[in-house]
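Enquirer: The structure that follows is given in the form of structure tokens.
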Amino acid sequence: MPKKKTGARKKADKMKLRQKDIQAGGLEGRSLVDFPCNTLMTCDKCQRLQKNRAFCYFCDSVQKLPMCGQCGKTKCQQRSGDCIIKHVGTFTTGMAMVGAICDHCEAWICHGKKCLEAHGCACPCIDSMCIECKRTVWEHGGRIFMCSFCRYSICEDDQMEHQASCQVLESEDYKCGSCNRLGQFSCLRCKLCYCDNHVARKGVKVEKGVALKCPKCMFELRETKDLCMSARKYGVRAGRVIQLRTKMMMAITSIENHDFGGAGGFSFGGGGAVERAETSSESEYESEEEEESGREKS
């Protein structure tokens, strides 16, 4: 059987993981899904899966065991720590462990001094508005993701759709926007390609070992050959669709303008219905006058 890990061993393993995160770039190198304020939560009342938040998105109920959005704990066991509310000799859970609610991620923050001071400025959900639907964390119940190509925030509803259409250029070919040369570098935010001559802005010094920046938005450029970029195509299929639409519009207009022989146009070979009605009334009136005149003569 494997040996049981001691407390010092567990502490050393956590320190190694923390050092890896620091070397990878801190918050930038850490995935957005790994943060406690962006984990999944199941409501105790309605049993619906949603993002970790103070109140349920569907029924507005408070959870029995709230999770801290900074450290991820649901039970405070610090007998003599940095807790603002001292609880010597007792463990706290539920609302006794809660200290605040974050305005950015809508999650509970425990009453630890470190969590209360650090989470407000280091929350990963700051300015996390979905690039597709323009919704924030308070307007949808799902988690927040970050696109691996353009590094924009996207919600859980539009995640798959955005990832599928993110590597599509705005132009119809892979040529540079300033010349007709083939673009070797692509910007995944502007959806444009640049050649070697137009990739660097005038007056900007290019450093060795540093990735090139987009001249338009200053986002990090990547080589087109390393990506699965595709260009917008307006081929035969689009032309056929346009032709079908024009034919349908012509058919609709012809149907609207066609006279199906209503009250004004219906006839049995002669004039219209109104004319026939007028002539019939006149003939009846004349026949009645002739009858009256014949009776008077007799």
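The values are calculated or read from the model by the stated rules, or taken from the named source; none is laboratory data. This structure is a prediction, so every number in the text was calculated from the model and none was measured. Please note: Cβ atoms are built from the backbone with ideal geometry, for glycine as well, and neighbour counts cover all protein chains shown. Side chains included, ligands, DNA and RNA excluded: accessible areas come from the protein's heavy atoms. Shrake-Rupley method; radii C 1.70, N 1.55, O 1.52, S 1.80 Å.
Enquirer: So for region 91-106 (the condition being surrounded by fewer than 13 Cβ atoms within 10 Å (Cβ to Cβ), of a type outside the set (G, A, S) and part of a helix (DSSP H, G or I)), does at least one residue qualify?
Expert: For region 91-106, residues surrounded by fewer than 13 Cβ atoms within 10 Å (Cβ to Cβ), of a type outside the set (G, A, S) and part of a helix (DSSP H, G or I): present.
Enquirer: A further question follows. Being touching a helix residue (DSSP H, G or I) at 6+ places or on another chain (Cβ under 8 Å) and either at pLDDT below 80 or open to solvent by 20 Å² or more (accessible area, probe 1.4 Å) (or both) narrows it down to one of Q184, Q163, Q159, so name that one.
Expert: Just one listed residue meets the conditions, Q184.
Here's the yes/no breakdown for (1) modelled with pLDDT of 80 or more; (2) surrounded by 13 or more Cβ atoms within 10 Å (Cβ to Cβ):
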residue	(1), (2)
G177	no, yes
E207	no, no
L221	yes, yes
R237	no, no
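Enquirer: When the residues of region 1-48 are narrowed to those that are polar (S, T, N, Q) and over 17 Å from E106 (Cα atoms), which ends up modelled with the highest pLDDT?
Expert: Within region 1-48, the match that is modelled with the highest pLDDT is Q47.
Enquirer: Another question about this same structure. Does C121 fit the bill of being assigned to a helix (DSSP H, G or I) and open to solvent by 60 Å² or more (accessible area, probe 1.4 Å)?
Expert: Yes.
Enquirer: Among (1) part of a loop (DSSP other than H, G, I, E, B); (2) open to solvent by 40 Å² or more (accessible area, probe 1.4 Å); (3) basic (K, R), there is one condition R53 misses while meeting the rest; what is its number?
Expert: (2)
Enquirer: Any residue at all in region 158-174 that is among the polar types (S, T, N, Q), over 30 Å from V137 (Cα atoms) and over 27 Å from the mean Cα position of the chain (by Cα)?
Expert: No, the conditions are met nowhere in region 158-174.
Enquirer: Of the numbered conditions (1) surrounded by fewer than 15 Cβ atoms within 10 Å (Cβ to Cβ); (2) over 35 Å from the mean Cα position of the chain (by Cα); (3) at pLDDT 80 or above, C83 satisfies every one except a single condition; which is it?
Expert: (1)
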